[in-house]
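J.: Here's a structure for you.
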């Protein structure tokens, strides 16, 4: 059996399994599924779009970085931790996007349209994920300021409490001592 026939059989089997599983799956109420029609872009359009994706990712990183600097200035530890995590995710996406853009250029130079489409698809997914992460960063919530000024603590002692150590059992009370229960069978 040739390699292409094996691939076709594996692809058909995978599709059958995926479609069979989907017909029985119950959708989650919070699930979102979006489909976009695949567009055929020229190599020049792919490069322009790839540059736009990388620029958008870099802009998102700069926005989250400014938010992080503001939260650090306010000494908001909770918000700083949240934004630091989001910035790390966006920075990783940015580095990956720049690498994928370079791979896309190389693939287009070689005339490898399949690899170029793959790299472009990954760039698009990275941009979409960065948009989502940027939105999550905007929703980072910091510490609530529940008081203004110096905290003051006051305590009150109940004067009606008995004196002395109340945790010790008095040994003079014979009613508190009991013998251990006898072992008996319910069938005896």
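J.: If you go through the stretch 51-72 one residue at a time, do you hit one that is more than 24 Å from the chain's Cα centre (by Cα), assigned to a helix (DSSP H, G or I) and modelled with pLDDT of 95 or more?
T.: There is at least one residue in the stretch 51-72 that is more than 24 Å from the chain's Cα centre (by Cα), assigned to a helix (DSSP H, G or I) and modelled with pLDDT of 95 or more.
J.: Continuing with this model, one more query. Taking the stretch 119-150 only, how many residues are modelled with pLDDT under 80 and loosely packed, with under 12 Cβ neighbours inside 10 Å?
T.: 7
J.: A further question on this structure: Return the only residue of 88, 134 being part of a helix (DSSP H, G or I), under 17 Å from the mean Cα position of the chain (by Cα) and in contact (Cβ under 8 Å) with a residue 12 or more places away in the chain.
T.: Result of the check over 88, 134: 134.
J.: Please go through the stretch 151-173 and give me each residue that is modelled with pLDDT under 75 and within 30 Å of residue 81 (Cβ to Cβ), ordered by number.
T.: 151
J.: Do we find that residue 96 is free of Cβ contacts under 8 Å to residues at least 40 places away in the same chain, in a helix (DSSP H, G or I) and closer than 15 Å to residue 60 by Cα in this structure?
T.: Here the answer is yes, as residue 96 does meet what is asked.
The values are calculated or read from the model by the stated rules, or taken from the named source; none is laboratory data. These figures come from a predicted structure and were not determined experimentally. Don't worry about glycine lacking a Cβ; one is built from the backbone with ideal geometry, like all the others, and counts go over all protein chains shown.
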